[in-house]
Amino acid sequence: MKLANLNVVSFESRHAETIGSLVRVQGGLPFLAPSMKEVPLENNPEVFLFGEKIFAGKIDILILLTGVGTKALLSILEMRYPREKILEIFCKTTIVPRSPKPIRVLQEWKVPFAITVPEPNTWRELIESLDQNKEILPLLGKTVAVQEYGVTNHELTDALEKRGATVLRVPVYRWALPDDLEPLKAAIRAISDGKMEVAVFTTAVQIEHVLQVAKTMGLEQALLSAFKTMAVASVGPDCSEALRARGVSVDIEPESPKMGPLVLEIALKAKKILANKVSSPNLFIGDQTGYDSRLKLSGMTSDGESLKNSTFLKACRRQKSSFTPVWLMRQAGRYMKDYRDIREKTPFLDLCKNTDLVTEVTVHAQEKIGADAAIIFSDILLPLEPMGLNLSYVKGDGPSISNPVRGKKEVEVLKDTFELEKLSFVYQSIRQTRRALKSDVPLIGFSGAPFTLASYMIEGGATKDFSRTKTMMVSDEGLWKILMQKIVTVSVRHLNAQIEAGAQVVQIFDSWAGVLTPQEYRQYAMPYSAELIRGIRKGIPVIHFGTKTGDFLDSMRQAGGDVIGADHRISLTEAWKKIGHDRTIQGNLDPEILCGSLIEIKKHVERILKEADGRPGHIFNLGHGVLPHTPEENVIALVDMVHEMSRRE
Ligand code: CP3
């Protein structure tokens with residue numbers, strides 16, 4: 001299922017369903033947006049009038065504006081005259097093609113033309129070329145036929161008339177807009193909102209119609225920008241050329257210009273193309289003329305430099321930066337009024353699965369507090385559902401699993417090979433969020449660490465002593481291993497899919513590892529965390545976080561991670577020594593302190609920054625997530641404080 005999770009918009013009309021089923025066979029989600037309706041050839045009275053005139057010798061010059069229109073002109077005339085006669089009369093007429101496209105058609109027909117028009121082939125260059133060739137082509141008193149396609153170019157006809165020519169407009173109607181424009185309009189809105197990944201064009205006219213309709217909706221620029229973030233597929237060279245002429249670059253074109261090979265080629269290439277586009281942040285921005293009000297362009301440099309040079313990613317690489325970057329675990333959560341308002345109307349799981357709301361919550365929190373990174377709004381327990389567990393979130397009590405993993409039977413039936421499509425809402429949210437975030441703000445994806453996930457699966461919800469987990473782990477290490485392996489398999493795929501969708505960094509939450517002794521950690525948790533981290537795509541920084549892990553930070557480092565998270569139960573100095581200064585450290589203000597006075601907060605920020613000692617490779621964060629009773633203004637003040645107090649040149 002090569003197109004699993006991908007939304008594919010097709011503009012084909014007559015064979016819309018064919019494309020739809022081809023896309024479905026590959027596992028994609030087709031969005032059919034017919035963009036054209038065929039106009040019967042006989043509905044072209046202007047062309048027939050032109051036919052009568054040219055055969056009566058009353059046309060001196062024929063200007064051909066488009067390739068598609070030129071071809072259509074011949075097809076229509078062929079209803080009344082034999083093809084050879086038409087081409088013969090064309091050969092006797094002075095023909096002026098505006099651009100390479102009609103030239104190519106004329107060459108195919110072996111019909112000579114009088115002059116060529118230099119780029120960019122607008123009406124201005126056309127008129128200039130005519131003016132320069134006054135000797136050969138005097139316009140005064142001549143009848144000039146102008147083949148038009150779609151819109152009339154009044155500037156051109158005016159300029160011709162000003163020079164004393166009589167103009168005969170020859171509009172060619174071959175394709176009209178479909179009667180029902182709603183599907184096309186819905187597609188244009190979805191593309192502009194960043195909800196589509198692949199666009200499929202099957203004839204040259206489609207792009208004209210799509211842009212024409214987008215223009216009436218005020219979305220032309222938004223659409224053109226959005227195409228830059230998508231995989232654009234074209235059936236063949238003519239269609240590709242029409243797309244390029246309108247500023248849309250073509251990513252996929254099959255060798256054979258047919259629908260079957262086109263969709264196969266899309267299935268083979270789309271994911272890779274999208275992965276490259278998401279890792280190049282200037283592509284999320286599109287051009288600077290439009291798109292979405294959320295796409296702020298300040299601070300943007302070219303070629304992904306702004307993201308790569310963000311203080312956050314610099315800190316991951318332990319490079320110097322002008323201030324210490326800061327973000328907070330649970331920065332989008334209940335302490336924030338806007339979040340509570342959304343939650344009032346939407347249950348937690350529904351919120352996690354609503355990609356628009358996830359995007360809004362994630363981006364809003366990052367922007368409101370001014371954090372140097374965003375973390376995708378989701379939950380570490382979501383992959384448990386497709387593994388076969390019934391997950392719910394009970395108000396006030398947190399997560400609950402109605403069929404927890406208590407023994408061999410339950411471990412055996414746990415699924416670790418399901419289609420990732422089951423979690424497509426996470427990846428789709430990441431794609432949308434990446435597009436909506438400012439270009440220099442990294443997006444963090446995440447998963448639970450195997451031990452923390454196993455403890456939820458076994459306990460079925462909140463627990464203080466983790467006794468069931470520890471019992472299984474110690475009493476049946478063979479079974480424990482099978483369980484942990486299944487979690488690793490799922491988590492590796494989940495993290496890599498998040499990276500592919502557009503996360504620049506991933507964090508592994510081992511929130512409950514601290515209930516283990518260092519020896520237990522090394523035996524029962526560390527090997528699986530290590531395997532998970534080894535499976536993550538190379539080149540993506542990994543943050544490895546746990547709480548109450550002060551006694552075995554060295555083992556966490558050994559398990560892996562470019563950045564190691566330390567909680568507030570240990571001093572940053574001591575933690576960093578244990579981790580080693582050749583790793584970045586993340587932490588570690590006590591979340592309770594953030595609920596207190598600003599003076600107190602400031603004292604602790606000062607202390608932590610002092611402990612970091614100006615060394616590159618410190619990411620400021622809390623020791624654990626923001627608590628629900630934290631005043632919002634304290635969170636905003638904290639981010640400001642860290643920025644100001646750490647500023648260095
Ligand atoms: O802003 C962010 O940090 C991103 C979102 C995020 C959530 N959960 C949202 C959430 C992240 C990164 C998580 C990870 C997570 N989920 C962890 C590891 C981090 C940690 O806090 O140790 C764990 C253990 C979970 C499991 C989980 N989810 C619990 C225990 C709870 C209930 C307790 C609580 O803190 O509310 C959840 C629900 C949850 N996940 C909420 C949020 C915002 C609260 C839901 C609500 O009532 O609105």
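At-a-glance table
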| read-out | value |
| --- | --- |
| Count - residues of region 241-254 that are over 26 Å from R434 (Cα atoms) and buried (at least 22 other Cβ atoms within 10 Å of the Cβ) | 1 |
| Selection status of V411, surrounded by 17 or more Cβ atoms within 10 Å (Cβ to Cβ), closer than 21 Å to G445 by Cβ and modelled with pLDDT of 95 or more | no |
| Any hit, region 597-608, residues being part of a loop (DSSP other than H, G, I, E, B) and within 21 Å of I508 (Cα to Cα) | no |
| Flag for I444 being in contact with a His (Cβ under 8 Å, 6 or more places away or on another chain), within 13 Å of the ligand (Cβ to nearest atom) and in the same structural domain as L553 (by TED's automatic domain parsing) | no |
| The lone exception for K2 - which of (1) of a type outside the set (G, A, S); (2) farther than 30 Å from T417 by Cα; (3) part of a loop (DSSP other than H, G, I, E, B) it fails | (2) |
| Residues being of a type in the set (S, T, Y) and within 11 Å of the ligand (Cβ to nearest atom) - total across region 395-415 | 1 |
| L349 being touching a strand residue (DSSP E or B) at 6+ places or on another chain (Cβ under 9 Å), assigned to a helix (DSSP H, G or I) and more than 17 Å from L627 (Cα to Cα) | yes |
| Condition met for P112 (within 22 Å of A72 (Cβ to Cβ) and either in contact (Cβ under 8 Å) with a residue 24 or more places away in the chain or surrounded by fewer than 19 Cβ atoms within 10 Å (Cβ to Cβ) (or both)) | yes |
| Among (1) within 32 Å of the chain's Cα centre (by Cα); (2) within 16 Å of the ligand (Cβ to nearest atom), the one test that I585 misses | (2) |
| In region 305-318, the residues that are surrounded by fewer than 18 Cβ atoms within 10 Å (Cβ to Cβ) and modelled with pLDDT under 95 | E305, K308, N309 |
| Of all residues in region 362-394 being in a helix (DSSP H, G or I) and out of contact with any Asp or Glu (no Cβ under 9 Å at 6 or more places or on another chain), the one that is nearest to the ligand (Cβ to nearest atom) | T362 |
| In region 616-633, the residues that are in contact with a helix residue (DSSP H, G or I) (Cβ under 8 Å, 6 or more places away or on another chain) and more than 16 Å from the ligand (Cβ to nearest atom) | P616, G617, H618, P631 |
| Matching entry among T359, T433 (being part of a helix (DSSP H, G or I), surrounded by 16 or more Cβ atoms within 10 Å (Cβ to Cβ), within 12 Å of the ligand (Cβ to nearest atom) and of a type outside the set (D, E)) | T433 |
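The values are calculated or read from the model by the stated rules, or taken from the named source; none is laboratory data. Fair warning: this is a prediction, and the values are worked out from it, not measured in the lab. Positions of Cβ are backbone-derived with ideal geometry, glycine not excepted, and every protein chain shown enters the neighbour counts.
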